[in-house]
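One structure is given below, encoded as structure tokens.
The values are calculated or read from the model by the stated rules, or taken from the named source; none is laboratory data. Predicted model only: the values in this text are computed from it and were never measured. Positions of Cβ are backbone-derived with ideal geometry, glycine not excepted, and every protein chain shown enters the neighbour counts.
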Amino acid sequence: MTNRSHRGTIYPEQAEILSHQACAGEQYILRVQAPNCAANALPGSFAHIQVAASQPLRRPISIMRTSTQEGWVEFLYKAVGAGTRLLALRKPGEALDMLGPIGTPFSFNRKRSLPLLIGGGVGMPPMIFAAQILRLDDQFKPFAILGSEVPFPFIPRPSRILTPEMPAGVIACMPLLDDWGVPSRLTSKRDFAGCYQGLVTDLARHWLNSLDREQLSQVEIFACGPHPMLAAVSTLAFEFDLPCQISLEEFMACGVGGCAGCVVPVLAGEAEQVMKRVCVDGPVFDARQIFF
């Protein structure tokens with residue numbers, strides 16, 4: 001029998017659009033009033049949004065941050081298909097039919113006090129949400145590496161947080177994370193000022209190589225982004241023998257585990273593979289279960 005226990009945590013809401021900001025590279029930051037989702041969302045979870053009445057199939061969009069006190073949820077997405085282009089036309093004051101939060105979130109181990117958060121493109125939101133939660137616990141000292149090959153959906157600035165392990169000149173950060181006291185650095189191959197000129201994994205390897213054995217024993221990697229990036233991050237984690245959790249991006253139909261349209265092969269034992277649904281069994285998986 002299918003385990004339906006997750007469905008008690010998914011809330012249908014008519015989420016009023018509070019703001020809808022267009023950014024460079026056809027990226028959008030969407031904030032909606034959705035108090036039930038805001039109160040229950042965790043880093044790695046997502047919402048399933050009906051983008052327009054003419055589009056019955058919803059679109060899964062990762063949650064970037066929340067305010068439980070004010071009851072809002074914020075998303076970052078890129079308009080790349082018919083559905084998200086319709087969503088980009090929606091205006092403040094309109095209501096979106098939304099289900100959320102959905103999915104298995106990241107799990108943080110307080111014995112691993114140096115979380116390395118790696119986000120690529122529209123894989124940045126779960127990392128930002130993770131930073132929002134981790135900063136509330138003094139046990140954790142997260143460090144975020146964010147990469148993009150289009151202009152970032154924020155204006156980078158020189159970080160006020162000293163990170164001596166970084167290469168000379170790599171000073172650009174995400175201002176929101178900097179204001180939270182979470183160090184971050186940006187990467188791109190587009191020659192953006194202050195960014196590391198290369199891949200997120202290149203900069204991550206540089207940072208990991210700067211740590212001593214005791215510090216490395218405190219690191220756990222968390223990542224979200226395109227599949228090739230996740231494969232490279234997983235290889236990096238295996239190289240340094242570090243635990244690694246990844247959030248998969250996958251096309252979905254129902255989004256609540258009923259249609260099995262988003263299944264992926266997952267390693268269940270030393271040699272056994274099983275099919276898991278990204279929507280509810282994930283989207284977060286142990287990297288070794290996916291890239292085995």
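I need the full set of residues from the range 46-89 which are in a loop (DSSP other than H, G, I, E, B), in contact with a strand residue (DSSP E or B) (Cβ under 7 Å, 6 or more places away or on another chain) and more than 17 Å from E26 (Cα to Cα), in order please.
Q50, R58, G71
Condition test on A144, is it within 13 Å of the chain's Cα centre (by Cα), assigned to a helix (DSSP H, G or I) and under 25 Å from R213 (Cα atoms)?
No.
Return yes when P126 is crowded, with 22+ Cβ neighbours inside 10 Å, touching a residue at least 12 places away in the same chain (Cβ under 8 Å) and touching a Ser or Thr at 6+ places or on another chain (Cβ under 7 Å) and no when it is not.
It is true that P126 is crowded, with 22+ Cβ neighbours inside 10 Å, touching a residue at least 12 places away in the same chain (Cβ under 8 Å) and touching a Ser or Thr at 6+ places or on another chain (Cβ under 7 Å).
Name, by its number, the condition in (1) at pLDDT below 95; (2) of a type in the set (V, I, T); (3) in contact with a helix residue (DSSP H, G or I) (Cβ under 9 Å, 6 or more places away or on another chain) that does not hold for I246.
Result: I246 passes all but (1).
Restricting attention to the range 24-45, and to residues there that are part of a helix (DSSP H, G or I) and at negative phi, which single residue is surrounded by the most Cβ atoms within 10 Å (Cβ to Cβ)?
For the range 24-45, the residue satisfying everything is C37.
Of the numbered conditions (1) out of contact with any Lys or Arg (no Cβ under 9 Å at 6 or more places or on another chain); (2) free of Cβ contacts under 8 Å to residues at least 24 places away in the same chain; (3) not assigned by TED's automatic domain parsing to the domain that holds T163, F291 satisfies every one except a single condition; which is it?
(2)
Give the residue, chosen from V233, V274, that is outside any loop (DSSP other than H, G, I, E, B), in contact with a strand residue (DSSP E or B) (Cβ under 7 Å, 6 or more places away or on another chain) and either outside the structural domain of I128 (by TED's automatic domain parsing) or within 28 Å of I10 (Cα to Cα) (or both).
Among V233, V274, only V274 is outside any loop (DSSP other than H, G, I, E, B), in contact with a strand residue (DSSP E or B) (Cβ under 7 Å, 6 or more places away or on another chain) and either outside the structural domain of I128 (by TED's automatic domain parsing) or within 28 Å of I10 (Cα to Cα) (or both).
Report, ordered by the first and then the second residue, all pairs with beta carbons closer than 7 Å, sequence separation of six or more or different chains, a first member in the range 92-120 that is under 24 Å from F143 (Cβ atoms), and a second member that is assigned to a strand (DSSP E or B) and acidic (D, E).
Listed by first residue and then by second, the contacts come to N109/E220; R112/E220; P115/E220.
Inside the range 156-180, can you point out the residues that are closer than 21 Å to F140 by Cβ, of a type in the set (A, V, I, L, M, F, W, C) and either in contact with a Phe, Trp or Tyr (Cβ under 8 Å, 6 or more places away or on another chain) or in a loop (DSSP other than H, G, I, E, B) (or both)?
Passing the criteria: I161, L162, M166, M174, L176.
Test P183 against the stated conditions and say whether it is under 20 Å from the mean Cα position of the chain (by Cα) and touching a residue at least 60 places away in the same chain (Cβ under 8 Å).
Against the criterion (under 20 Å from the mean Cα position of the chain (by Cα) and touching a residue at least 60 places away in the same chain (Cβ under 8 Å)), P183 does not qualify.
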